[in-house]
Amino acid sequence: MSPEDEARIGLRERKKRETRAALSLATIRLCVQRGWDNVTVEDIAAAADVSVRTFRNYFSSKAEAIAASHLERMLRIADALRAQPDTEPLWESVARAVEAQFVPQGAGGAGAFGDPRWAEGVRLMLAEPALQGEVVKASAAAEAQLAGAIAERTGTDAVRDVYPKLVAAVIGAGSAMAVEHCLRADPPVALGPVLREVFERVAAGLPIPQQ
């Protein structure tokens, strides 16, 4: 295959990934704002400025589209871990990569959870049974990709060794716990500091907090 062919394939795959991300984000936004039962595939396609057929080419349902956002975020975290220097302590790299994907630049560490209406919409959306099944599948795929990145970073084997799979599972569970904590906090708390606390405690070996 020529370099030109490889470049064309790379561009095509990047555009597909961008379209998937746009459809996923549109689905999340509409479901949070309107409620799960008040959003159709036609609504999502219109919001993303694509045809319903295009949506169907990427996703079989609203639930799959939403779960794809979780997988995409974790893939970016894996990419970031591969790109960071090996000289940086692993859990510092993890914390930085996770926060960069969960808390947009300029959000002041809060993410979107500083808006109680948005937080309530996200809680309701995540409670949908159809979505929970898709999130489980996306999480399994995400952990496999994270384990691969951790294995490359640490010189371990993502299939034979426990360590990369354990770290990947901790990243997924820690991130999910931080999001859940912030969604239910009253008064609201910023997501960024909670994520940092999670991985600082993990890096320290999870000592019992001093009273």
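The figures follow:
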| item | result |
| --- | --- |
| Packing-based order for 154-160, 138-144, 200-206, using average beta carbon neighbours within 10 Å, highest first | 138-144, 154-160, 200-206 |
| Backbone N under 17 Å from the Arg17 label point (7 Å along Cα→Cβ), restricted to the stretch 131-145 | 141-145 |
| The stretch 128-157-the stretch 159-210 distance, computed between alpha-carbon centres (Å) | 15 |
| Rounded, prolate or oblate (a/c below 1.5 giving rounded, otherwise prolate when a/b exceeds b/c) for the chain by Cα gyration tensor | oblate |
| Fraction of accessible area attributable to carbon and sulfur, the chain (%, probe 1.4 Å) | 55 |
| Solvent-accessible area per residue, Å², over the chain with all protein chains present [probe radius 1.4 Å] | 57 |
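The values are calculated or read from the model by the stated rules, or taken from the named source; none is laboratory data. Computed from a predicted structure; not experimentally measured. Here Cβ is always computed from backbone atoms with ideal geometry, including for glycine, and neighbour counts include all displayed protein chains. These accessible areas exclude ligands, DNA and RNA; they are computed on the full protein's heavy atoms, side chains included. Shrake-Rupley method; radii C 1.70, N 1.55, O 1.52, S 1.80 Å.
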